[in-house]
1. Show the residues, 5+ positions off or on another chain, whose built amide H is closer than 5 Å to the amide H of residue 54.
2. Does segment 72-151 classify as rounded, prolate or oblate by the C-alpha gyration tensor (a ≥ b ≥ c root eigenvalues; a/c under 1.5 gives rounded; else a/b over b/c gives prolate, otherwise oblate)?
3. Return the distance in nm (one decimal) between the two label points of a simple spin-label model at residue 135 and residue 71, each offset 7 Å from Cα along Cα→Cβ.
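Computed from the coordinates by the stated procedures, all read-outs in this text should not be read as laboratory data. Bear in mind that the values here come from a model prediction, so they are computed numbers and not experimental data. Glycine also receives a Cβ, built like all others from the backbone with ideal geometry; neighbour counts cover every protein chain displayed.
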Amino acid sequence: MSIECYVVVHNIAKRHNVGTLARSATAFGVSELILVGRRDFNAFGSHGSTSHLRFRHFHSLSDARQFLKEKDCDICGVEITDTAMPVNQHPFNKSTAFLLGNEGTGLSAKECEICDFFVYIPQYGFGTASLNVTVAASIVLHHFGVWAGFPERTRDGNKYVVAERPVKQGRRNYCAETADTIIEERKSRRENTSSGFFDESGNSNSASNLLDALFGDD
């Protein structure tokens, strides 16, 4: 059975964390990074790794969950809960998608509802209450890769060999989709203008303007 790893990005407060999260995802063998809600992102800190990572977008957590269940994939919340298990015990059974919480508030009740189980990262020092979301992701993804037996990448000197960059497709830092999903997103955007997923400031870099630039009406 082929084991795959996914990362679900939803409600991360600092958008530039997506770039550094993508870098960790490519390093530890993640198959896809799933964006829920808004689908433009800041690639700062990715060091080009977004070119080597598949992105997928869903409008809601329930849609993302349905896709992952069709892949026979567990959804693991990275959060300290009453039932959470230490990640270093590798409590994994099959392909897994990791859902990480907001940097300030952690996983919401709605996010916890779609999770099959939870892991946490044991800490041994007393100087901080939690880790940055990208640091936490790196630790969890490394443990999953060890458990899954992902083959180590070839090294060249003191660094790993980077694959040839794939042919660039679509707008940079943007998870492109089909015309049907764009129509659905426009509808969702109108219905959820107060959700916080989209930039309502009228800024030319907002998801709304990116959508219109890419998929203007004929």
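1. Amide H to amide H, under 5 Å and 5 or more residues apart or across chains, residue 54 pairs with 33.
2. oblate
3. 2.8
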